[in-house]
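Note sheet for the following structure.
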Amino acid sequence: MITLMGLKSFMGDAGKGRFFDIICLIYTVVILIAGLWPFNFNPVNKAEWLKNERGIRFYLGQGIVFSPEPLTAREPASENTAVTIELLIRPDKEPDDAVSSILTLCRNGQSDQFILGQWKSELIVRVPVIKAKLQERYHEIAVGGALMKRMTRLITVSSGKNATDIYIDGMRKKQFSQYALIRDNQGLSGHLILGVSPVGTAPWTGSLLGLAIYDRTLNAREVLDHDLAWRQGGKQLLALENKPIALYLFDERSGQRIQNHAGSHNDLLLPATFKPFHRMILGMPNNDQWFSRTNQMDVIINILGFIPFGFFLLAWLQQDRNFSAPLAYGVTMLLGCFLSLSIELTQAYLPTRDSSLLDLLNNILGTAAGMLLLKYTIQIIKRVKSKRLR
């Protein structure tokens, strides 16, 4: 206790013995504000109609367009293992921190069937796999130079049971054998999510100028013909014998409903407020996000942010509440865990924040580091005092 009194005297007395009480209260409020800011449960959707041309622009993260109902194909979903996606697209930048999610087909609102994304100028295609190890979550293919900053491109991904072909502006760039977007037991079905992942992470920045989906593969000649049709506006695709099951020209210019020009089903929704398609509670980063700058900064901030909490709370319990050392250490760890868990669970309902198990673990680590810092600080003060008494 004497050393804690020395610590308080060293740091400056405030409020006649209420120093640690005030510091703990203030810092807890600071942590809550930092963890829950901006307290907005209905943020504006950062996706909007382009003003001078047809299309939807996703900007500043947290922009989403989705299909309210599952995608409807002509054939029963279980019998269809082929799909072709045509994207008329113009990225605003080339993200190098992690893969941004452009389009996801999400089954039952929970699991991703396949993902089209961007990293730098690469088109990334991902198919989830069921593995125990997190780093083996996706089978991934990529085509470099497909998504250049501010360059409009027609991206065609045509996938059958045995291979996936990727075309840029009507020309085939790569073929990936033994790679399929749709598993035999799944079929073409699910909700379309555009501009962000279904859980509201990995936002993409750029404009979608057109989108077509076919429940079959396209050959090289068809892809070239479709490239010409897109250059002429896209409506010519409806005159095909095997027209797409979904064709979005993004030519409404206003409103929340995006019409499927190929039929009465499969319309898209551009909501006024941003909400992830489904929320993940205490999620973990994807494989490509572990060593991203954003994730590394989050780790550092979450550890450093809780070091003062562990430091001052332990000091308060021992100095002002006269807790024994084992009890003070145990209560400090429990309160650090409780505070962090409360923040992470609340973040699951804040669309602009992510509920993260990694953040929780880092906050607990920060609390423990704060307690160790207090322990060694007291030891240093004790040695300094003993030297002065000699």
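Read the figures in this text as sums done on the coordinates, not as results from a lab. If you're wondering where the values come from, they're calculated on a predicted model, not measured in any experiment. Ideal geometry is used to build each Cβ from the backbone, glycine not excepted, and the neighbour counts take in all protein chains shown.
Within a 10 angstrom radius of the beta carbon, how do 24, 337 rank from fewest other beta carbons to most?
Working: 24 21, 337 15.
Neighbour counts put them in this order, fewest first: 337, 24.
What full-extension length gain, to one decimal in nm, is calculated for residue 253 and residue 219 as 0.36 nm per residue of separation minus the Cα-Cα distance?
Working: separation 34, 0.36 × 34 = 12.24 nm, distance 3.26 nm.
Going from the current span to full extension adds 9.0 nm.
Give me the net charge for the shell around residue 124: Cβ to Cβ below 9 angstrom, other residues only, Lys and Arg +1, Asp and Glu -1. Intermediate results must be reported in sequence, preceding the final value.
Numbers: positive: 126; negative: 122, 140, 288.
Residues close to residue 124 contribute a combined charge of -2.
Per DSSP H run of at least 4 residues, take -39500 (n - 2.57); add these up for the chain, divide by its residues and hand me the 222 nm value, nearest 500 deg cm²/dmol.
On the way: 6 runs with 123 residues, N = 390.
Result for the chain: -11000 deg cm²/dmol, rounded to the nearest 500.
How big is the charge dipole of the range 234-390 about its Cα centre, in debye rounded to the nearest 20, if each Lys and Arg gets +1 on its Cβ and each Asp and Glu gets -1 on its Cβ?
1240 debye
Order 51-63, 80-92, 201-213 from most to least packed using the mean count of other Cβ atoms within 10 Å. Don't jump to the answer; show the numbers that get you there.
Numbers: 51-63: 17.2, 80-92: 21.8, 201-213: 23.3.
Ranked from most to least packed, the peptides come out as 201-213, 80-92, 51-63.
Take the Cβ-Cβ distance between residue 236 and residue 372 as r, set R0 to 51 Å, and report the resulting FRET efficiency rounded to the nearest 0.05. Mind showing how you got there, number by number?
Working: r = 69 Å, r/R0 = 1.35.
Computed FRET efficiency for residue 236 and residue 372: 0.15.
Using the 2.2 N^0.38 Å rule of thumb for compact globular proteins, work out how the chain stacks up: its C-alpha Rg over that value, please.
1.27
Checking the a/c ratio against 1.5 first, then a/b against b/c, what shape does the Cα gyration tensor give for the range 238-390? Show your work: numbers first, answer last.
Working: a/c = 4.78, a/b = 3.63, b/c = 1.32.
Judged from the Cα gyration tensor, the range 238-390 comes out prolate (a/c at least 1.5, a/b above b/c).
What full-extension length gain, to one decimal in nm, is calculated for residue 92 and residue 175 as 0.36 nm per residue of separation minus the Cα-Cα distance? Numbers along the way, then the final one.
Values: separation 83, 0.36 × 83 = 29.88 nm, distance 2.69 nm.
Length gained between residue 92 and residue 175: 27.2 nm.
Mind sorting 159, 254 by how few other Cβ atoms lie within 10 Å of their own Cβ, fewest first?
Working: 159 23, 254 7.
Ranked by crowding around the Cβ, least crowded first: 254, 159.
Show me the GluC sites (Glu not before Pro) within the range 201-262 that DSSP assigns to loop and that have at most 16 other Cβ atoms within 10 Å of their Cβ. Provide the component values of the computation, followed by the final result.
Numbers: sites: 222, 241, 252; in loops: 241, 252.
Answer by residue number: 241, 252.
So for 280, 151, fewest C-beta neighbours within 10 Å to most, what's the order? Mind dumping the intermediate values first?
Working: 280 18, 151 12.
Fewest to most other Cβ atoms nearby, the residues stand as 151, 280.
Highest mean first, how do 314-324, 97-107 rank when packing is the count of other Cβ atoms within 10 Å averaged over residues?
Values: 314-324: 18.6, 97-107: 23.1.
Ranked from most to least packed, the peptides come out as 97-107, 314-324.
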